[in-house]
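Here is the structure we will look at, set down as structure tokens.
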Amino acid sequence: MIERVIIHRFRGIRQGDLNSLRKFNFFIGPNNSGKTAILELLYLSATSGRSVQFIRDDLLPAETGVLRATTSVRTDLLGYEPLPYLRQRHGKRGEWTGNPATLTPEGGLEINLRRLPDSDSAPPWASFRLAAPLPEWGEQDIYAFTKEDIGRIAMVTLQEPVALDPSMIPPYIAETGVKPAGAATPRVTPSEASPATVAEEHQPYEATVTDWHYLWEPAWVYRWERHQPIDRLAVWVTQGRRPHPQHVVFFSSQTANAHLTDHFARWAYHHVKDWYETLATRMAQVFPTLGGAKIEVLEAPDDQAGRTGYVRFPNRTPLAIDQFGDGARHAFKLLAALTALAATVDDAHPGLLLWEEPEVFMHTATLGRLLRVVADIVAEKPIQVCITTQSLEVLAWLILYLDEQPTLQPDQVSTFHFNLEDGQLHIRPFTGKALGEWLRFFGDPRLIEEDELASPLTRLLSVREERE
């Protein structure tokens, strides 16, 4: 699992160091404190799995001139293209029409950073190439880039580089002591059960690694206080065990309100054993009124693209899950994704669930049941979970779950309070049951940086206790 992230200029974060990530992670804090930015950063990191060669002609023939690298895979587990998915979250078109990239005759991409807008100072390097790996003898050349890739690729990941040119290392990251050194770790091939394209199924999977990520689309780069050429890029380092790029789920309100993609629904139907039956059981655990109902995933209504869930009670016509309301739709689509993810991960191909604000649309009792089902699913699976939340009920549920359930150990859980000041990310960690102790003695942990260390709810309960 990913254990540490060191950040240079990603979205609203000018610099930050998130350490000691565990199996189950909760991100709390005020609005605009970097919580969702971290989810997006982790998503881009985890879905960078398409093998390429990173080439800087200005450094050839030095060892830093050609480096083993990856870039964004075509789709994640749910069938979404990583960069277009995130761009649409922020109200943009999926494809980036301003990418300063062109196709090379060999089927690679050449990126000229001088063509970026407002590039008045020299970028860290004038240009570089992403070269597609050569196919094996007798194989079709399926690795080459296409014109469509230009609008979908804006980052490159250097996997465990032995050395890096100094122009590629931001001072803040250097100050943390992280260095680009070390031999490559052993390789294993991805699972054939993954819903990857043929090209991506042949990519190697690394164990514990230190990856260096470079993103050049200006919309994702912290734009103020630029002092050095490297400040034109968002750069971050991830340490730990990389999830398999097709075993990554980013679940948000955007995902909940969209239909399942045909890509995902077809793959899950053919590769996930008893997918419908397992979904029906888990939905009944969250919504007891659905006990005895059957679940199917069929074409979306009104000739829309994608597929959706249908609930069928005995002797009744089926109802689309969307007719049950926002909470049922949210839970169903999350469980559809997580059930498929849990069925296909293994120790060699771990997964990652990024879940934004689980409390949205959910009644408090339903929310508690959903969180319990999710925790039970991932407890014995190699799946790392990162959750952003504004809900005190989610945190209370976590404290109670750790007290009551032996399947998830306290040392597998961390809660991080985020706060941003002038782009500097400040993080206060709570490991295991420490969150409960803080809540009991100091009040609402979401309000650490506020004048009052209690939410209206906790203040109300405190007043009532004093009166009694």
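The values are calculated or read from the model by the stated rules, or taken from the named source; none is laboratory data. The model shown is predicted, which means the values in this text are computed figures rather than measured ones. Counting neighbours? That spans all protein chains shown, and the Cβs are built from the backbone with ideal geometry, glycine included.
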Quiz item: Restricting to the range 57-74, what's the tally of residues that are hydrophobic (A, V, I, L, M, F, W, C) and touching a Lys or Arg at 6+ places or on another chain (Cβ under 7 Å)?
Solution: 1
Quiz prompt | Residue list for the range 281-335, restricted to those being buried (at least 20 other Cβ atoms within 10 Å of the Cβ) and farther than 21 Å from V360 by Cα | solution = I295, V297, R307, Y310, V311
Quiz item: When residues of the range 345-365 are filtered for being out of contact with any strand residue (DSSP E or B) (no Cβ under 8 Å at 6 or more places or on another chain) and crowded, with 20+ Cβ neighbours inside 10 Å, how many remain?
Solution: 1
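To keep it simple, each residue is scored yes or no on (1) among the small types (G, A, S); (2) surrounded by fewer than 22 Cβ atoms within 10 Å (Cβ to Cβ); (3) within 15 Å of the chain's Cα centre (by Cα).
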position	(1), (2), (3)
V209	no, yes, no
E217	no, yes, no
A234	yes, no, no
T238	no, no, yes
Quiz item: Listed residues V413, V373, V394, V463; which is farther than 28 Å from G16 by Cα and modelled with pLDDT of 75 or more?
Solution: V373
Exercise. Please identify the pairs in which a residue from the range 375-402 that is touching a residue at least 12 places away in the same chain (Cβ under 8 Å) and farther than 21 Å from F361 by Cβ has its Cβ atom under 6 Å from the Cβ atom of a residue that is part of a helix (DSSP H, G or I) and not aliphatic (A, V, I, L, M), counting only partners at least 6 apart or on another chain.
Key: I399/G436; L402/P410
Practice problem: For residues that are of a type in the set (D, E, K, R), closer than 27 Å to A126 by Cα and crowded, with 23+ Cβ neighbours inside 10 Å, tally how many sit in the range 15-58. | Solution: 1
Self-check item: strands (runs of 3 or more DSSP E) lying entirely in the range 336-434 (those with 1 or more residues that are farther than 25 Å from R241 by Cα and over 20 Å from the mean Cα position of the chain (by Cα))
Solution: 413-421, 424-431
Quiz item: When L77 is evaluated against the numbered criteria (1) farther than 26 Å from R223 by Cα; (2) surrounded by fewer than 19 Cβ atoms within 10 Å (Cβ to Cβ); (3) out of contact with any Lys or Arg (no Cβ under 8 Å at 6 or more places or on another chain), which criterion, by number, is the only one it fails?
Solution: (2)
